[in-house]
Amino acid sequence: MGNEVLQNRVLDARIFHTEFGSGVAILTGAYRFTLSANVGDLKLRRMPEVPGLQSAPSCWTTLCHDRVPHILLAVGPDLYILDHATCSTVTPAGLAPGVSSFLQMAVSFTYRHLALFTDTGSIWMGTASLKEKLCEFNCNIRAPPKQMVWCSRPRSKERAVVVAWERRLMVVGNAPESIQFVLDEDSYLVPELDGVRIFSRTTHEFLHEVPVASEEIFKIASMAPGALLLEAQKEYEKESQKADEYLREIQELGQLTQAVQQCIEAAGHEHQPDMQKSLLRAASFGKCFLDRFPPDSFVHMCQDLRVLNAVRDYHIGIPLTYSQYKQLTIQVLLDRLVLRRLYPLAIQICEYLRLPEVQGVSRILAHWACYKVQQKDVSDEDVARAINQKLGDTPGVSYSDIAARAYGCGRTELAIKLLEYEPRSGEQVPLLLKMKRSKLALSKAIESGDTDLVFTVLLHLKNELNRGDFFMTLRNQPMALSLYRQFCKHQELDTLKDLYNQDDNHQELGSFHIRASYAAEERIEGRVAALQTAADAFYKAKNEFAAKATEDQMKLLRLQRRLQDELGGQFLDLPLHDTVTTLILGGHNKRAEQLARDFRIPDKRLWWLKLTALADLEDWEELEKFSKSKKSPIGYLPFVEICMKQHNKYEAKKYASRVGPEQKVKALLLVGDVAQAADVAIEHRNEAELSLVLSHCTGATDGATAEKIQRARAQAQKK
Amino acid sequence: MAFPYRLDAPELPDFSMLKRLARDQLIYLLEQLPGRKDLFIEADLMSPLDRIANVSILKQHEVDKLYKVENKPALSYSEQLCFLVRPRIKNMRYIANLVNADKLAGRTRKYKVIFSPQKFYACEMVLEEEGIYGDVSCDEWAFSLLPLDVDLLSMELPEFFRDYFLEGDQRWINTVAQALHLLSTLYGPFPNCYGIGRCAKMSYDLWRKLEEEEDSETKGRRPEIGHIFLLDRDMDFVTALCSQVVYEGLVDDTFRIKCGSVDFGPEVTSSDKSLKVLLNAEDKVFSEIRNEHFSNVFGFLSQKARNLQAQYDRRRGMDIKQMKNFVSQELKGLKQEHRLLSLHIGACESIMKKKTKQDFQELIKTEHALLEGFNIRESTNYIEEHIDRQVSPIESLRLMCLLSITENGLNPKDYRSLKTQYLQSYGPEHLLTFSNLRRAGLLTEQAPGDTLTAVESKVSKLVTDKAAGKITDAFSSLAKRSNFRAISKKLNLIPRVDGEYDLKVPRDMAYIFSGAYVPLSCRIIEQVLERRSWQGLDEVVRLLNCSEFAFTDMAKEDKASSESLRLILVVFLGGCTFSEISALRFLGREKGYRFIFLTTAITNSARLMEAMSEVKA
C-alpha cells in the first residue's frame, strides 16, 4: 500500500469490527478504497474502482455481509457497494423519490442495519443489505448533519438513530415524532452496546433507553412492586407506619420477590452511588420479609457496583454501564486496568472479588513485574529485588515470563537475575538459551538433575559454539560430558575420538581404538594399525600393561593370520589359549610349543591346556609321554580327573598312583578304588578323609572297607 | 512357610493397581492410533508387557501382528505401524531405517513410537537427524513399576546399572523419581526416608522436587508405608557378587529368572519340552521354599511329597459322598500342588547335578575365605587355576572382583598376572572389560593415591569442585577404596560360629550365605531402621565413602499408624539379588516388619559381570 498512500495520501479511514477482529478501511486521494479485515494480521485488499468517481464520495461506510467486509459509498444520487471483486450499484428499497445526494450514512453496532440521510431531509432506515426498509422519517432539515449514529435499544429491540447538528440532537425511530435535545457545545457521538455516548468539551453524557426496572420504579406515580418497596423503605426510615402499608400492599399481591429483584436490577443501572444505595437498601429491606430469597443476586450486585463505581471514578475514567461491564467480564476489565497500569486498583478488585490467585492477583503482579522491568532508569538489582519482594512465591507467577520480558527490553542481566527466582529449572533453561547464556543454561540444567534438559542445552551448544569451545565447555561439566559421550558412542563415533583427544584422555582413546580394532575394521592390516594406535595411546596414558597387552595382541593377530594361511582352519580372533589348543588338536605340537614360548605362557596354564587338549583327542600315549616330560606343576590329580571324565579308568589308574599324598585319597576314590583309598586314609589318620571314603562306601561291595574304617576310627579315638 | 510372619505383621498394600494403571494407559495409547495396526516390540519389553497385557488384550485393540524389534527388515504390510520401545538410540535408528525404506519405496504409512517408560530428548534428536521426526508421532507409556510379586516391584531396567555406575549417565534417575512419585500418590506419603549413595541422594532430591512442584494431593493422606530406604548398588557389591545358595537365588543363578518367571528346560520338566513357570507367592510350593537354604529344600520337598501322597490316600476309605466332595473340591488343588512339586523337585535335581560337584564346594569355600580374609594366597591361586582352565569367563571375572573388593584392590603383581592370564584365556577384548571394572571400582589395583594418572587426578579434583557437587563422575570411584574388611569388622558381618551353623533354624541373615556372611546391604538397612537414623554409624558411612550422601528425613507430624510404620520400602538402585530379598524377609519376620522391594532390576553376580563385559559385537 505504501506507494499509493505516499502519493495520494489517505483522505479518510473507518475502523470496523468483525468476528475476525478489528479491521480498517481507508480512502486514498485517488478515490480508491483499500481494506484489511484484521489489523492484527495485516492483509491488505485493494477494492475495485468505482466507475467515474472523480471526487470524494459524499459519505461512505463499511458493511459486513456473510463475514466479508464491503464498502458502501454514496456519489450523488447513487449508492455503490464494493466487494473484493465487483462494484455494483444499489438502491435502497422504498426510498422516497427526489433524492439527489446522500449526506450521511450510519451502520448499526451489530452491522445489521443501515441509516441514510438524504438531501431531502429524510432519514431512511433499513437492513444493511438495503433490500428492506424499516421506516423513513422526514425531519425537514436539509442541512447536512454533523454525525449520525444508531442507538441500540437492548430492551425494546426497536431501532433508533441519533442525528446531531451543530447545536441540535435528534432521536428518530419508527414513530411519527422525534425527540430533540439542544446541544450546548460541540459534541461527538459514540455508538455503544446499549446506547450512545455524547462527549463535549465539558460534559460526558450517556443516552440510552431506560431499562424496565428503572422505568417501573421511577415512572411517575408508578405502582410497580419495586416502586412501592422503595417507597416503603423510605417511610420505614422516617419511622412512618406507611412503610407497613406499602409492604402489605406488595405482599398482598404476592410481588415482594419481584419487588426486591426490581430494586436490585434498577440499582445496577444507576450511576449515582446515593441512588444505588437507596435502591439496594430497599432491596435489603424487602428481603427481610422474604423467606427464602437467594442472596446471590444482591451480593453480586453490591460487588459489581462497587467495582463499577471504582472504575467510574474520574481518576480512572472508565465509565462503563452495568450491561457493558457484564458483557465485558471482569477479566477483560482487569486487563484494561493492567494496560492502563492501574495495578493497585486491579489487585484491590481481585482481592475484593476473591478471585483465585492464579487468575487474579498473580496475573496482575506478573503484569506489573513485566512493566517494572521496562523502567530503564532503575538499576537491575533494585528491579529484581522489588519484583521478588512483591511477588515472593506467589503461586502462578512465572518468573521466566517476566525474565523473558526483561530480555525483550534488552535487559539481559536483569533477566538472569530474575531467573534466579524461578524454581523450575525447566523454565529457566530455554530462556537462558535464547539469551545466548548457554553455559549458564548448562549449569542450571545440570543442577536440575534432568538429563533431558541437559541434553537440550548440549545440542544447542554444539550448534552455537565452534567445536573447540564446545569441548572446552564440556570439559568442565563431567555430567554433561558423560551424557554427550553416550550419545556419541551411538551416533557420532568420530566426535567421541575428538573428545578424548581434546582431553588428552589417552586411556579412553586407547580403549576407543581397541574397540575399533574389532568392531569397525575388517582387514587385518587395519586392525593391526588400530591396535598400534591404541598401544601408543596406552603408552601415553602410562598404562604399560594395556600397551603390552595390545602389542601382544597385534603379534597374535599377525601370527594367527599366518597360521590360517599356512594350516587352514580358523585361528583369527581366538584367544591365545584357544589358539594353542587348536594347534595341539590339529597335531601341530611344535608350533604350539613355539607359541607358548613366544607369548610366555606360564607352565601351569600350558599343562592344563595340553592335558585338556590331549584328553579331548584321547591321545593317551602322548598324554602319558607328556606327563613324564617333567614334574607336573599342577600335580597329577587333574590327570586322573580328566581321564575319568573321558571314562578311561585304565589310564586314570596310571596317574592315580602318582598323585601326591594330600590328594591321594581323592584320586583313589575317583578311580573307584575305595579299599585302597581307605588304607591311605587310615595311614594318614585324617578324620576328614576317613569320612569322605566312608561316604563313598556303597552297601554290599564295600562292607568290609567300611568296617575297617570304623575300626580305625575307634582306634584313633581310643588313643 | 517354615517361618511364618508374626501375627501382627502389617498387611501389604495392593500393588495390582499399578498393573491396571499401566494396562489402561497402554490401551489408551493404542487407541490413539485407531484402526488395525502392527505392533513392533523391543525384546526387553516383551516379558514385562506380557505381565501387563497379553496378546488377546492387544488383539482386542486392533493390534494385528506382533513383531520383535531386531536388526532385520520388517515384513509388515499394515498401513499403521506402532513401535513400543525403550528410549534407546539404537531403536531410533531401526525405526528410521524402516521409515526411510518406506519413503524410498514411495510408501506412506502411519508410524507411532511409544517410549517406555519415558521419552528422551536424545531419541527425538536422532529421529530429527535421520529426517523422520515429522513422519512419526511420539508418545510415552509411563510404565515404570512392574509388580513381580506381592512384595516386589521391579522397574525392569537392567541397563540402569551399566548406564549409571559405569557410564555416569544419570538419565534414569528421573525415571526413578517419577516412579517414587507415583508410589507416593497412590499409597500416601512416606513419613520416614533414609538413603545412602550418590544416586540415592539425587533420586531423592529430584523426587522431592517433583512432589513440591505438584499441588500434592497426598499431603492430607495417611501414609500406608512408613519408611523408605534408598540404597545404591555400589554401596555393596560384595553381596551381589557371592554365589547364591538360597533356593530362589539359586534358581536365578542356574536358570535365570526373567521378569518373575523361569524357563525350565527338558531336564527339569522330565518331558521333551520346556515349560515357562511363574515364580511368585501364588505358587504355594515355591513360596514355602524360596527363602530356604538349599540344603533344606530337598528334605522339605520330600516331606511335602509324602504329605501329598497321604492326602491322595485318604480317598481309599471314603464313601461315595465323601469321594464326590473330594473330587470336586480338593482334587484340583492337589493336582496343582502335585504338578508344582514335581517341577521343583526336577529343578532341585538339576541344580544338584550342576552344583554338588566338588567344584562348587571349592568355589564356595574360596568365596568364604575371601569374605573372611584368610588364605588370600590360596584363593588367588584358585582363581588363577580357574582362569587357566577356562572354567567360565563370567565366573572368573566375578572371583577376581570379589578378591579385589574384599582386599581393597589387588596387589600390583597379582593385578597384572591375573589380567594377563584372563586375556590369554578369554580373549584380548577384555582389556576393555578391565578398564570398565576399574572405572566402576570393581577390580582395582592396590595403589597409593599419588600413582593416579594425570587425567584421573584432574577429574577427581573436579569432583571436589563446588559446581560439581551434584555430579557423579565416572572416575570418582577410582579414588575411593572399598574398605570392606573394616566395614565388615565394624558391622560384624562375619558371624562368630561356635559349632555348626544350623541352617534349618537360622539365627541371623547370614543363613543366606550358609552362615558365613551377613549381607552388607541388609545389615546397613537393619542398623538404620533400628536407630531410625544414621546416628552412630558415622564411621561406617565414612568407610563407605558416602559421608555426603547418607541422609535421613523424618516427617514432623507423625500421622503414620503403628502398622504402617512397620512397612518398609527398600529401593535398590542398580539392582538387588534374590538373596538380599530373602535376607530382609527373614529380618522382617524376626522383627515384625514387612519389607517391600523396589529395584531397578533383579540382578545377580553373572548379570553384574555381563553388564561390565565388553563382548565382540
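The values are calculated or read from the model by the stated rules, or taken from the named source; none is laboratory data. In this text the structure is predicted, and so the values were computed from the model without any measurement. All Cβ positions, glycine included, derive from the backbone under ideal geometry; neighbour counts span all protein chains shown. SASA here: full protein model, heavy atoms, side chains in, ligands and nucleic acids out. Shrake-Rupley method; radii C 1.70, N 1.55, O 1.52, S 1.80 Å.
Results, tabulated for the structure shown:
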{"item": "Subset of segment B:139-166 that is within 30 Å of B:Asn436 (Cα to Cα) and of a type in the set (Asp, Glu) - its residue that is nearest to the other protein chains (Cβ to nearest Cβ)", "result": "B:Asp163"}
{"item": "Unique match (being within 12 Å of chain B (Cβ to nearest Cβ), open to solvent by 30 Å² or more (accessible area, probe 1.4 Å) and either charged (D, E, K, R) or within 25 Å of the chain's Cα centre (by Cα) (or both)) among A:Ser443, A:Ser448", "result": "A:Ser443"}
{"item": "Selection count, segment B:163-185, where residues are open to solvent by 10 Å² or more (accessible area, probe 1.4 Å), assigned to a helix (DSSP H, G or I) and farther than 22 Å from B:Ile581 by Cβ", "result": "6"}
{"item": "Residue tally, condition within 10 Å of another protein chain (Cβ to nearest Cβ), surrounded by fewer than 23 Cβ atoms within 10 Å (Cβ to Cβ) and touching a residue at least 12 places away in the same chain (Cβ under 8 Å), over segment A:451-461", "result": "1"}
{"item": "B:Leu443 being within 14 Å of chain A (Cβ to nearest Cβ), part of a loop (DSSP other than H, G, I, E, B), under 30 Å from A:Ala516 (Cβ atoms) and touching a Ser or Thr at 6+ places or on another chain (Cβ under 6 Å)", "result": "yes"}
{"item": "Segments classed as helices (runs of 4 or more DSSP H), wholly inside segment B:298-405, with at least 3 members that are under 30 Å from A:Trp608 (Cβ atoms), more than 28 Å from the chain's Cα centre (by Cα) and away from chain A (no Cβ under 14 Å)", "result": "B:376-388"}
{"item": "Residue in segment A:547-563 that is farther than 27 Å from A:Asp603 by Cβ and not aromatic (Phe, Trp, Tyr) present", "result": "yes"}
{"item": "Residue match in segment A:263-271 (condition: touching a Leu at 6+ places or on another chain (Cβ under 8 Å), among the β-branched types (Val, Ile, Thr), crowded, with 17+ Cβ neighbours inside 10 Å and closer than 26 Å to A:Glu205 by Cβ)", "result": "yes"}
{"item": "Residue in segment B:79-88 that is farther than 30 Å from B:Met17 by Cα, open to solvent by less than 70 Å² (accessible area, probe 1.4 Å) and within 14 Å of chain A (Cβ to nearest Cβ) present", "result": "no"}
{"item": "Filter result (more than 9 Å from every other protein chain (Cβ to nearest Cβ), touching a helix residue (DSSP H, G or I) at 6+ places or on another chain (Cβ under 9 Å) and either aliphatic (A, V, I, L, M) or farther than 14 Å from A:Phe599 by Cα (or both)) within segment A:567-579", "result": "A:Leu567, A:Gly569, A:Gln570, A:Phe571, A:Leu572"}
{"item": "Tally, over segment B:5-34, of residues that are open to solvent by less than 90 Å² (accessible area, probe 1.4 Å) and either over 16 Å from B:Phe115 (Cα atoms) or modelled with pLDDT under 75 (or both)", "result": "14"}
{"item": "Unmet criterion (only one of (1) more than 13 Å from chain A (Cβ to nearest Cβ); (2) surrounded by 23 or more Cβ atoms within 10 Å (Cβ to Cβ)) for B:Val136", "result": "(2)"}
{"item": "Test: B:Val238 is open to solvent by less than 10 Å² (accessible area, probe 1.4 Å), farther than 29 Å from B:Pro10 by Cα, at pLDDT 90 or above and in a helix (DSSP H, G or I)", "result": "yes"}
{"item": "Condition met for B:Leu210 (touching a Gly at 6+ places or on another chain (Cβ under 9 Å) and not aromatic (Phe, Trp, Tyr))", "result": "no"}
{"item": "From B:Tyr517, B:Tyr501, residue being touching a residue at least 12 places away in the same chain (Cβ under 8 Å), touching a helix residue (DSSP H, G or I) at 6+ places or on another chain (Cβ under 8 Å) and over 29 Å from B:Phe165 (Cβ atoms)", "result": "B:Tyr501"}
{"item": "A:Arg658 vs. criteria over 25 Å from A:Gln646 (Cα atoms) and open to solvent by 30 Å² or more (accessible area, probe 1.4 Å)", "result": "no"}
{"item": "Residue among B:Leu275, B:Leu279, B:Leu250 that is open to solvent by 20 Å² or more (accessible area, probe 1.4 Å), touching a Phe, Trp or Tyr at 6+ places or on another chain (Cβ under 8 Å), among the aliphatic types (A, V, I, L, M) and within 30 Å of B:Gln303 (Cβ to Cβ)", "result": "B:Leu275"}
{"item": "Test result for A:Asp469, touching a Cys at 6+ places or on another chain (Cβ under 9 Å), open to solvent by 20 Å² or more (accessible area, probe 1.4 Å) and assigned to a helix (DSSP H, G or I)", "result": "no"}
{"item": "Among residues of segment B:552-602, those that are farther than 23 Å from B:Phe237 by Cα and aliphatic (A, V, I, L, M), counted", "result": "5"}
{"item": "Near pairs, Cβ below 6 angstrom, 6+ apart or cross-chain, from segment B:588-604 (part of a helix (DSSP H, G or I)) to any residue that is of a type in the set (Phe, Trp, Tyr) and surrounded by fewer than 22 Cβ atoms within 10 Å (Cβ to Cβ)", "result": "B:Arg589/B:Phe3; B:Arg589/B:Tyr5"}
{"item": "Criterion: surrounded by 15 or more Cβ atoms within 10 Å (Cβ to Cβ) and either part of a strand (DSSP E or B) or touching a strand residue (DSSP E or B) at 6+ places or on another chain (Cβ under 9 Å) (or both) - qualifying residue of A:Val5, A:Val50", "result": "A:Val50"}
{"item": "Of the criteria (1) within 30 Å of A:Ala366 (Cα to Cα); (2) of a type in the set (Ser, Thr, Tyr); (3) at pLDDT below 90, which one A:Tyr246 fails", "result": "(1)"}
{"item": "Some residue of segment A:496-507 being within 11 Å of chain B (Cβ to nearest Cβ), under 31 Å from the mean Cα position of the chain (by Cα) and touching a residue at least 12 places away in the same chain (Cβ under 8 Å)", "result": "no"}
{"item": "Matching entry among A:Ser425, A:Ser438 (being within 12 Å of chain B (Cβ to nearest Cβ), open to solvent by less than 30 Å² (accessible area, probe 1.4 Å) and at pLDDT below 80)", "result": "A:Ser425"}
{"item": "Enumeration of residues in segment A:687-705 that are under 21 Å from A:Glu662 (Cα atoms) and surrounded by 16 or more Cβ atoms within 10 Å (Cβ to Cβ)", "result": "A:Glu689, A:Leu690, A:Val693, A:Leu694, A:His696, A:Cys697, A:Thr705"}
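Yes/no matrix, rows are residues, columns are (1) under 28 Å from the mean Cα position of the chain (by Cα); (2) in contact (Cβ under 8 Å) with a residue 24 or more places away in the chain:
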| site | (1), (2) |
| --- | --- |
| A:Arg292 | no, no |
| A:Pro319 | no, yes |
| A:Asp335 | yes, no |
| A:Leu339 | yes, no |
| A:Tyr352 | no, yes |
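This table checks each residue for (1) surrounded by 15 or more Cβ atoms within 10 Å (Cβ to Cβ); (2) over 21 Å from A:Ser284 (Cα atoms); (3) acidic (Asp, Glu).
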| site | (1), (2), (3) |
| --- | --- |
| A:Trp150 | yes, yes, no |
| A:Tyr188 | no, yes, no |
| A:Glu209 | yes, yes, yes |
| A:Val212 | yes, no, no |
| A:Gly226 | yes, no, no |
